[in-house]
Structures are given as C-alpha cells and as structure tokens.
1. Report yes if residue 307 is at pLDDT 95 or above, closer than 24 Å to residue 185 by Cα, among the hydroxyl-bearing types (Ser, Thr, Tyr) and surrounded by 15 or more Cβ atoms within 10 Å (Cβ to Cβ), otherwise no.
2. Go through (1) in contact with a Ser or Thr (Cβ under 9 Å, 6 or more places away or on another chain); (2) free of Cβ contacts under 8 Å to residues at least 40 places away in the same chain one by one and return the number of the condition residue 22 breaks.
3. Specify the residue that is least open to solvent (accessible area, probe 1.4 Å); the eligible residues are those in the stretch 164-198 that are charged (D, E, K, R) and more than 24 Å from residue 139 (Cα to Cα).
4. Give me the pairs, please: first residue somewhere in the stretch 27-40 and touching a residue at least 12 places away in the same chain (Cβ under 8 Å) and in the same structural domain as residue 138 (by TED's automatic domain parsing), second residue anywhere and within 16 Å of the ligand (Cβ to nearest atom) and open to solvent by 40 Å² or more (accessible area, probe 1.4 Å), beta-carbon distance under 6 Å, and either six or more positions apart or on two chains.
5. When the residues of the stretch 198-217 are filtered to those that are assigned to a loop (DSSP other than H, G, I, E, B) and within 16 Å of the ligand (Cβ to nearest atom), which remaining residue is nearest to residue 312 (Cα to Cα)?
6. Which members of the stretch 74-120 meet the condition of being within 16 Å of the chain's Cα centre (by Cα) and either hydroxyl-bearing (Ser, Thr, Tyr) or more than 16 Å from the ligand (Cβ to nearest atom) (or both)?
7. Those residues that are out of contact with any Ser or Thr (no Cβ under 9 Å at 6 or more places or on another chain), among the basic types (Lys, Arg) and under 18 Å from residue 306 (Cβ atoms), I need them from the stretch 335-358; list them, please.
8. Working only within the stretch 218-231, note down all residues that are more than 16 Å from the ligand (Cβ to nearest atom), in contact with an Asp or Glu (Cβ under 9 Å, 6 or more places away or on another chain) and either open to solvent by 10 Å² or more (accessible area, probe 1.4 Å) or free of Cβ contacts under 8 Å to residues at least 60 places away in the same chain (or both).
Amino acid sequence: MSSLTASVLVERIAQSNLPKVDFKNLEFGKYISDHMLLAEYKNGQWQTPRVVPFGELKMDPGILALHYGQAVFEGMKAYRMNDGNISVFRAYKHHQRLNRSLDRMCMPAVPEEIFINGLHTLLETDQAWIPNGEGSSLYIRPLVFASESRLGVKISDLYKLVIMTSPVGPYYSKPLRVKVEETYVRAAEGGVGFAKCAGNYGASFYPTKMAREQGYDQVLWTDARDHQYIDEAGTMNVMFVLNNKLVTPKLTTAILDGITRDSILTLAKELNMEAEERKVSLDDLVDGFKNGTLTEAFGAGTAAVVSNIEVINIHSKDYQLPKAGPESFQQRVKQKLYSIRHGNEPDTHQWNYVIPIK
Ligand code: COI
C-alpha cells in the first residue's frame, strides 16, 4: 500500500557518503544516510517538509527540548523486498504511535500527509542505502523536539521534525542475559512510560550500566509500586513461552505499546500458538523455571526484532533457558516476520508500505 500526494522539496547532497559504508559490518547506528527529512512547526502549523543533505542544525543552547525534555522519537525499519521494491513495516501504526507520544508531551501532532509523504520521498532519495544482506535493514529514526529558546518552564511554540536513516545489522548479536530490576524504576503508571520520549531512555542508563558491570546485557523492568510484575526491557518488549502459551505483560501506561509486540501477537494465531496478555509476576517466572514450563523468553522491538534471552536473573539468582532451536516459537515467528517484510509470503495484514522502485 502506498500513496504520495503532498509536495516535498528535495535538495540533493553534492557527494554521497555511500562509498564510506562497510555493508559487511553494519554496527547499529554507525552510518547515517545522505539525506534527512526536515519540517518546522511555527505559527501553529507544520510547514512544507524538505529532504536535505544530512548535517548539523543551527540552534542555540536555550532550546526547550534540552532543558525540559520535550523530545519524542520513533524507530521503524525499511527492507529491500525480493522484487527490488522497498517495504516500510507498519508505517501508519508508527505514525499513530508518534502522535500519541507527542500528545502526552503537549507537542503538536504531525499530519499523516507530512509524515508518510516525507518518509516516502526520503526513502526514494536514499534508496541505495537500503541494505539487502540477511538480517540487515534501513533503520528509520523520526524525531520531534521543542526548538523554541526560552528559560521559563513552558510548552514550546516551535518544533522540528527530523527523519534520519541508518543502514543496520542486528541490534543484539548474541543471546541476552537480562537482570530483573528490583530497586530502580523505568516508569510508573500515569507517567510517560508508554510514550517514546527521550527521557525514558536517559533515565534507564544508570541501572543498565550497573547491570552491565554485573555481566548482564539489559535490565528487565518491573512495576514501580511493588517490583513484582514484569513491564518491559527498555529497548524492547518481553515475551515468554510458559505452559506452551505465548505470554506477555498486558499493556499499561508504563509499558511501550510495541509494534513488533503487536505483530507477534497477531502472527501467533497463524502459528497455532495461544497468546495471553496478562500480568506476569516474578513468581510466575521462578515457578516456570522450577517446573520446566518456562521454555522460551525473548525481546521484541523494531531494533531488537526478536532477540533471544538465555539467562534471567531474578532475586540475584541466574536462571538458564533452553536453547531456542529452529522449532521454537521465537525462531518461527522471526522467520515469518522476515518473509512478510521481504515479500516472500503474502502480506495478508497489509503491514508493508511499499515504495515501488522505477
Ligand atoms: C527501537 O526499537 O526502534 C527503539 O527505539 C529501541 C532503541 C534502539 C532505542
């Protein structure tokens, strides 16, 4: 599904940076593509977006995003399909989630026409940057931030939308060891945990650094009140296979409404896997480890895709999961997502926004 109606101005880079990219070593986020989309919000409305060479933005240190945190982003991916066209996975759903995050932060919604048409033009312009190696894709990072310079605490009147892209390989290159966090908190109910705002990530750095020092890759966040229930992992939602069912924490205002999470829940039915969204307690996990009914754990996210979890540390004890072989649910659903995105099987849910390459 694709459409392109509104005008987007395009200013091309004089000399492409593509020859500098080592496509065999696509460390996540290392390379930024030649162009970015830029749109400004002023006088109460978004102005015509422009595709321009990627580069610095002129602004002063007083901008409200830097002081009071009005900054929201998204994470999406584009793939090279088997017929050479480009597919953007669930572009409209990402746009809707961006606007939900913006609303929570008192920032202006980005009209669908600006977002979709701007992205379409950007990807057409930088189509040579979309890798086609196994496990690689073009990561898309839309960002909106408050650009008014003012020291008083206020809602900004000026904003910028930037969309930049980066050819990437896998975010996690090996199975993960995660630690259940029982002291620090990522988000509390009623806060901004469900929104993709910059502060959620900065706040997670300190506990994550401590977990890394103890030999873990990521923190598994628990509810802010009792530290009894699993929320998410910060860079991804979490899912378990427990008693032969796919189980994942039910969404709250403290959990990001993951688009990969949603897609996996939908595909579970097609893979004959019963799925349950519910509160998942630490006791559920410990019991599952003890009686052997917890057979899989994995993270789900745009960057993470489906990332195997091999160890979970709960109450300072490491619990090991069985190896996830080709018959595991996580491997099967990962393969199905891959096939849909690359056009190897019919896109029955109309998840791909297809950009035909002429
Ligand atoms: C994503 O999956 O797109 C994210 O935003 C997670 C992380 C890379 C910040």
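The values are calculated or read from the model by the stated rules, or taken from the named source; none is laboratory data. Here the structure is a predicted model, which means the values were calculated and not measured. As a convention, Cβ positions derive from the backbone with ideal geometry for all residues, glycine included, and neighbour counts pool all protein chains shown. Only protein heavy atoms, including side chains, enter the accessible area calculation; ligands, DNA and RNA are left aside. Shrake-Rupley method; radii C 1.70, N 1.55, O 1.52, S 1.80 Å.
1. So residue 307 passes the test.
2. (1)
3. Across the stretch 164-198, the extreme among qualifying residues is 181.
4. 28/171; 32/164; 36/164
5. Looking at residues that are assigned to a loop (DSSP other than H, G, I, E, B) and within 16 Å of the ligand (Cβ to nearest atom), I get 217.
6. Matches in the stretch 74-120: 79, 92, 99, 101.
7. Listed by number, the list holds a single entry, 336.
8. 223, 224, 225, 227, 228, 229, 230
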